[in-house]
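The values are calculated or read from the model by the stated rules, or taken from the named source; none is laboratory data. Treat the numbers as computed from the prediction; the structure is a model and nothing was measured. Note: ideal-geometry Cβ built from the backbone for every residue, glycine included; neighbour counts use all protein chains shown.
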Amino acid sequence: MATANVAAAILVTILVTYSVSAAASVADDAYPSPFIPTLTPCNLDEGISLSPVRKEVYDDGHIFDISHRYHTEMPSWGSDDGLGQFLGLPASMKNGSLANNSEMKMPTHTGIHVDAPVHVVLLKDPKNINKLFSLVKMLARKMNPQFIYLMPFLPSVIVSSQNSAYPPLYGDDKDSCGSIGSTLIPPRKEVYGNGRIYDITHRITSGTPSGISEDGIGDEYLKLHESMKNRSDYNFSVIKLPAHSGTHVDAPGHMFQNYYEAGFDIDSLDLEVLSGPALLVDVPRDKNITAEVMKSLHVPRGVRRVLFRTLNTDRRLMWKKQFDTSYVGFMKDGAQWLKDNTDIQIVGIDYLSVAAYDDLIPSHLVFLESREIILVEGLKLEDIEAGIYNVHCLPLRLLGAEGSPIRCILIK
Ligand SMILES: [Zn+2]
Ligand SMILES: [Zn+2]
């Protein structure tokens, strides 16, 4: 009971800190200067130099990162000064919060990005339909597995219903598609390549749950900056998203301020760890993941990536916009057991936190302390058989961010 009260107090602190400072300027001094930490690493008491590794090539030359990292001076459409400040820090450990929680805001066509057909095709105009189909065909041709690996972030974005420039959900607006019947319906798949590729990422919608909101991420996450409906030549959105919403990854700086200031951000995570053989396991449905539960799973040594499917999947918690504190996750002793007795470096789970609510901070601290374990949260693990797959999880290269939306797929 006492633990539950502590956890509740922690969350309240996070929520209060978040809401109080949500309106703060983006030029928040809680942020370290992103490039400086690698040049002037700070020292822990033990005198160990703390400096993140930033790589372009992983796995002895087998994996090339061909994405640009997002930083304030990267080019941006229509701007003479580059992208500018794209991260805010509504909850900052420097200002007393128990965790760092960023929020990203940027044009959707920033850095390495992908264009969807609706970028330049107005569905309402029948003469544009051929143009649309050729674009769809071109995209379909490119969607082979190799191409998918390289996509850092391709959220299946469902649009805001409040912004009048947006079509309604699933294109079921009679006016926009009625004239051409049912042919213009975008494919939305969970499984690709004849059952070989599973998308285990939750689609981002206004109803995607968020740990800092009772109402999901809300309608404000996507806004049309330029709209064809309003006579622009193209559609051009701006995205604004808490870094820990939907399917996402945590970096060490999420709950260790010294790591945060030293630059252990999303860009410093090891892509080789985020890509490779993985075990999808079912855990007992009636309890949190304790040391006893971990022991009972008999995960062999040498297994480096494990996706834990829990009661959260059965309860479809990720499909409910209201944040639910009764989710299950790792208790501190479960986290410690995993760290001491396995070789697991990817801990994946099917709700917004790997840590059970009662051990929210302690379990995170156990996992993140070594900087060798990467936490992937909010996975979509419905309708997939337990077993061994290849996982590919690719976060955005957000310089300075302690969390990032991520696209994860499993390949048989
Ligand atoms: Zn997180
Ligand atoms: Zn987390």
Of the conditions (1) within 15 Å of ligand 2 (Cβ to nearest atom); (2) surrounded by fewer than 24 Cβ atoms within 10 Å (Cβ to Cβ); (3) not basic (Lys, Arg), Asp314 fails just one. Which one is it? (1)
Given the criterion in contact (Cβ under 8 Å) with a residue 60 or more places away in the chain, among the basic types (Lys, Arg) and more than 16 Å from ligand 1 (Cβ to nearest atom), identify the matching residue among Lys332, Lys321, Lys339, Lys295. Lys321
Kindly indicate whether any position in segment 395-409 is small (Gly, Ala, Ser), away from ligand 1 (no atom under 15 Å from the Cβ) and over 22 Å from Pro242 (Cβ atoms). no
Checking the condition over 14 Å from the mean Cα position of the chain (by Cα), buried (at least 24 other Cβ atoms within 10 Å of the Cβ), of a type in the set (Asp, Glu) and within 16 Å of ligand 2 (Cβ to nearest atom), which residue from Asp350, Asp359 passes? Asp359
Log entry, pairs with first residue in segment 352-365 being in contact (Cβ under 8 Å) with a residue 24 or more places away in the chain, second being in a helix (DSSP H, G or I) and within 10 Å of ligand 2 (Cβ to nearest atom), beta carbons closer than 6 Å, six or more apart or on different chains, reads Ala355/Ser363; Ala355/His364
Taking Leu396, is it crowded, with 22+ Cβ neighbours inside 10 Å and within 16 Å of ligand 2 (Cβ to nearest atom)? no
For segment 200-285, list the strands (runs of 3 or more DSSP E) that sit wholly inside it and hold at least 1 residues that are within 16 Å of ligand 1 (Cβ to nearest atom); which are they? 236-242, 248-250
Go through (1) touching a Gly at 6+ places or on another chain (Cβ under 7 Å); (2) aliphatic (A, V, I, L, M); (3) surrounded by fewer than 22 Cβ atoms within 10 Å (Cβ to Cβ); (4) not in a helix (DSSP H, G or I) for Val293 and report which single condition fails. (4)
What number of residues within segment 374-388 satisfy the criterion of being within 16 Å of ligand 2 (Cβ to nearest atom) and either loosely packed, with under 15 Cβ neighbours inside 10 Å or not aliphatic (A, V, I, L, M) (or both)? 2
Out of Leu365, Leu410, Leu394, which single residue is among the hydrophobic types (A, V, I, L, M, F, W, C) and within 23 Å of Arg315 (Cβ to Cβ)? Leu410
Tell me, please, whether a residue that is at pLDDT below 95 and within 30 Å of Tyr70 (Cα to Cα) can be found in segment 386-394. no
